[in-house]
Amino acid sequence: MKHFRYFIISLIAALLLTGPAQAQSNETTYTVQAGDTLSHIALKYNVSVTELAAYNGLANPNLILIGQQLSIPDASSAIAATAAPAQTYTIQSGDTLFQIASRFGLRVARLAEANGIANADLIEAGQVLTIPDAAQAIAPTSLPFPFESISLSETRIDQGRTLIVYVTLSSAADLSAQFEDRPVFLSGDGLNYWGIVGIHALSEVGVYSLVFRAALPDGSQSAVTQNVIVTAGPYGVETINVVPGREGLLDIDVIRAEMAQLNLIWEQVTPYKMWNGAFIYPVADARVTSSFGTRRSYGGGPVNGYHAGTDFGGLGNPIYAPAAGVVVLAEALNVRGNAVLIDHGMGLYSGYWHQSESVVHVGQQLAPGDLIGYIGDTGLVTGPHLHWEMRLGSIAVEPLQWVEDQIP
Ligand SMILES: [Zn+2]
């Protein structure tokens, strides 16, 4: 991982250049290990998280890196370890719990749990929320003009999830963003932007760069790099035994040709979103028979694939559109069987494979709850099921995140 090494080197260089600790005589250093958090390290050395973060010039305590050297303040001067002062946030009219959680780099479930909120839709303006952990928005003071704030839905994110970014500028500019070498799909009015990018389910775990570039009207440019830590998703392994007689569909040329056909569609980006709020399940009986991200071996061969969608059982059950969009493919495919693909805008697509029958046509506009077709067993299957897949560009992402969270 070239990028990872480069980042570690540049980060250590930055610490050497600017680290406050060089002049200290009797200091201790600690090398960050896998699984460490700043609060664990602080506890170990009996210093506060706030002090440790400040001592090492860390703008965001959630972003520490394996191998990073931290200077530990002299124990005699260290203040007694106390819980970091609890941060609070007063809910404003129009806020959603998801937006608030995103602003503080938290998952919505964590914020809800910390405040005893059972239903994320039932929050009121004026209500005061406790912000748990050492989570915080990225310090706006450290950003170059015209960047005013950058926040991410998660700064440590599991493989396969959708990352949401929010950027505020103090002066109108054209914003673009890249995660590694892929564009972030952005929407904004020149000052306030949000965007989405998928984390590949098989991404190597480690540190990745998210680069924001603002092009100002006078032709000047400004850029900010934010690091994102990709963590291992909770994915198991399964062996797939396809229906006898259909093994020919595992032929690599058949698989590649179909993938190429779909990639041509996934490369097209409709520059506005058509969905509104959280997605609904595409089936009434939403019991999952195979989860997204599971590592797969076909017919006992090597584990060389992963499950790019979420499966539901129920032969013959109706399949409904989970959100608004336009049908961009409705035809019989070799591997995916009777397939429908919906464009939701902003690079987001959802696919419905192995249907017994589809009732929609290309170009048809769908509202949430509109009938798409029926669960079947066409194509490369082990038995009847709906395979529901969501793509951001060509990257498959966990569909259930789109049901659980309101994005953006
Ligand atoms: Zn599936």
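Numbers for the structure displayed
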read-out	value
Length added when fully stretched, ILE252-GLN33, from 0.36 nm per residue minus Cα-Cα	74.8 nm
Whole-Hz ³J(HN,Hα) from phi, Karplus 6.51 cos²θ - 1.76 cosθ + 1.60, for the stretch 365-377, glycine and proline x	8, 10, 9, x, x, 5, 6, 9, x, 10, 5, x, 9
Fraction in percent of alpha-carbon pairs per bin - 5 Å, the stretch 87-131	5, 25, 42, 25, 3
Label-point separation in nm, VAL237 to ARG182, each point 7 Å along Cα→Cβ	2.4
Inter-site label distance for TYR45 and VAL359 at 7 Å from Cα along Cβ, in nm	6.5
Potential lengthening between SER149 and ALA114 on full extension [0.36 nm per residue; Cα-Cα distance subtracted]	10.1 nm
Accessible area (Å², per residue) of the stretch 87-131, counting only protein heavy atoms and a probe of 1.4 Å	53
Accessible area expressed per residue, the stretch 140-231, with surrounding protein chains retained (probe 1.4 Å, Å²)	39
Percent accessible area from carbon and sulfur atoms, the stretch 87-131, protein chains only, probe 1.4 Å	46
Full-stretch length increase - ILE91, ARG156 - with 0.36 nm per residue and alpha-carbon distance subtracted	20.9 nm
Amide H partners (placed H, <5 Å) of THR270, local residues excluded	GLY345, MET346, GLY347
Protection-proxy order for peptides 265-273, 390-398, 151-159, 209-217, each taking the mean of Cβ atoms within 10 Å per residue, highest first	390-398, 151-159, 209-217, 265-273
Percent RCO, i.e. relative contact order, over the stretch 87-131, from Cα pairs under 8 Å lying at least 6 residues apart	61
Pairs of Cα atoms farther than 23 Å apart, the stretch 140-231, %	21
The stretch 140-231: antiparallel DSSP beta bridges as a percent of all, rounded to 5	90
Probe 1.4 Å, accessible area per residue of the stretch 248-320, Å²	53
Surface share of carbon and sulfur [accessible, 1.4 angstrom probe, percent] for the stretch 307-408	47
Percent of beta bridges antiparallel (DSSP, the stretch 196-299, rounded to nearest 5)	70
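The values are calculated or read from the model by the stated rules, or taken from the named source; none is laboratory data. This structure is a prediction, so every number in the text was calculated from the model and none was measured. With ideal geometry, Cβ positions are generated from the backbone for all residues, glycine too; neighbour counts draw on all protein chains shown. The protein model used for the area step is the full one, side chains on, heavy atoms only, and it has no ligands, DNA or RNA in it. Shrake-Rupley method; radii C 1.70, N 1.55, O 1.52, S 1.80 Å.
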